[in-house]
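Values quoted throughout were computed directly from the atomic coordinates according to the rules given, and no laboratory measurement underlies them. Since the structure is predicted, the reported quantities are computational estimates derived from the model, not experimental observations. In this analysis, Cβ positions are derived from the backbone assuming ideal geometry, glycine residues included, and neighbour counts consider all displayed protein chains.
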Amino acid sequence: TKKVLLFCDPGIDDAIAIMYALLNPDIELVGVVTSFGNVTKEQATRNAAYLLQIAGKSDIPIIPGAAQPIQQENMVYYPQIHGDDGIGPIEPPEDLIYHVYPFDTIRVLIEHYKDELIIVDVGRSTSLASAFILFNEQIKKVGAFYLMGGSFFRPGNVTPIAEANFHGDPTASNFILKFAHNLTISPLNVTSDAYLTPEVIDEISQTVKNPYYLMVRPIFQYYFHAYKKLAPDIVGAPIHDIVPLIMMINPSVADYLYYDVKVVEQGDAKGLSYADLRPNGVAGQTRIGMKLNYDIFLEEVKKVMEM
Ligand code: BDR
Ligand code: CA
């Protein structure tokens, strides 16, 4: 099994990624780092705690991370996509009790699992960049890194050209892109095609026996309607954050190119990701997802979510 430390900002697609990680017998979720992004850090933490509790997995450490990006500006959250509390119509109960672990737990987990540990970041980059700064020696031991972020040959989502995770803290994203080894990124050009339709969700929610069966449908419906408001013609809604986890389990879910990636940190192009993809461009170290293999994606999602 793959030992995964997940950095996230739940967020509906983050929530689905957490469910997928918990339900997949080939994944052992060893910790969840929660940060600002789709919602505040506090709300992201509550949501993650609630999702773990529903699955009876409250023993998995929840580690609150960053509350704001490095270049502090006015914070922007995304209730129009994820709902006021981050997971659509679902609200964690007021009396939810949960325990949080200090940030240093990340170091402890790395020391414990060493190269068996895989770090997957599906939120803004601030917390993971902070872990690189604080635990610069230990983090070299991590086996591999997967990020959801960026966009190549496709529009952005939070600006015409920028994807939300890399736009949210581009300085932190650049830090990770520069220092992470064995790095795979799953950009919008892959994840925007990783959509589920209401029909597939109905099918999943009728067959599931897992603890999330009551939640999957209302959460997804909320998300689908939010996306439909933006683009009335769509047939499904993209669940971006599940994709890097599927890439880790089954790399053939996408095609890849190897280049170094950078992100524009300032100005109108803030958050724009780029690589030297010219025919004579210099190949680099980052494995960049280019195109989704939809059939493999759907098969993987159904296999796990219907468990
Ligand atoms: C990414 O941004 C967030 O809003 C989603 O959860 C996902 O991680 C997509 O750009
Ligand atoms: Ca996310």
Choice from F179, F132, F152 with maximal GNM fluctuation in the chain (Cα, 10 Å cutoff): F179
Radius 13 Å from Cβ of D241, net charge of other residues (Lys, Arg +1; Asp, Glu -1): -4
Highest-MSF residue in the chain out of E42, E199, E28 [GNM, Cα springs under 10 Å]: E199
Listed residues A48, A275, A164, most fluctuating in the chain (Gaussian network, C-alpha, under 10 Å): A275
Pair V158, H99: separation of 7 Å Cα→Cβ label points (nm): 3.4
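Any chance you could tell me what percent of the C-alpha pair distances in the range 68-221 go past 23 Å? Don't skip to the end; give the middle numbers.
Details: 6213 of 11781 pairs.
Counting every Cα pair in the range 68-221, those more than 23 Å apart make up 53 percent.
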Computed label-point distance, nm, for sites I133 and N182 using a 7 Å Cα→Cβ extension: 2.6
Shape category assigned to the chain from the gyration tensor of Cα positions, a/c cut at 1.5: rounded
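Please compute the contact order of the chain in relative form: average sequence separation of alpha-carbon pairs under 8 Å and at least six residues apart, divided by the residue count, as a percent.
Values: 647 pairs, mean separation 61.3, N = 307.
For the chain, the relative contact order is 20 percent.
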Sequence-distant lysines (8 or more away, or on other chains) whose Cα lies within less than 22 Å of K141: K2, K3, K114, K178
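Only Cα pairs under 8 Å and at least 6 apart count here; give the relative contact order of the range 207-307 as a rounded whole percent. It would help to have the intermediate numbers written out before the result.
Numbers: 88 pairs, mean separation 31.7, N = 101.
Across the range 207-307, relative contact order equals 31 percent.
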Point-to-point label distance, K57-T207, nm (Cα→Cβ direction, 7 Å offset): 2.1
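Take every DSSP beta bridge whose two residues both sit in the chain, then give the antiparallel share in percent to the nearest 5.
Of those bridges, close to 30 percent are antiparallel.
Report the gain in length on full extension from E299 to N250: 0.36 nm times residue separation, minus Cα-Cα distance, nm rounded to one decimal. Show your work: numbers first, answer last.
On the way: separation 49, 0.36 × 49 = 17.64 nm, distance 1.09 nm.
Computed gain between E299 and N250 is 16.6 nm.
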Value at 222 nm in deg cm²/dmol, rounded to 500, when DSSP H runs of n ≥ 4 in the chain each add -39,500 (n - 2.57): -10500 deg cm²/dmol
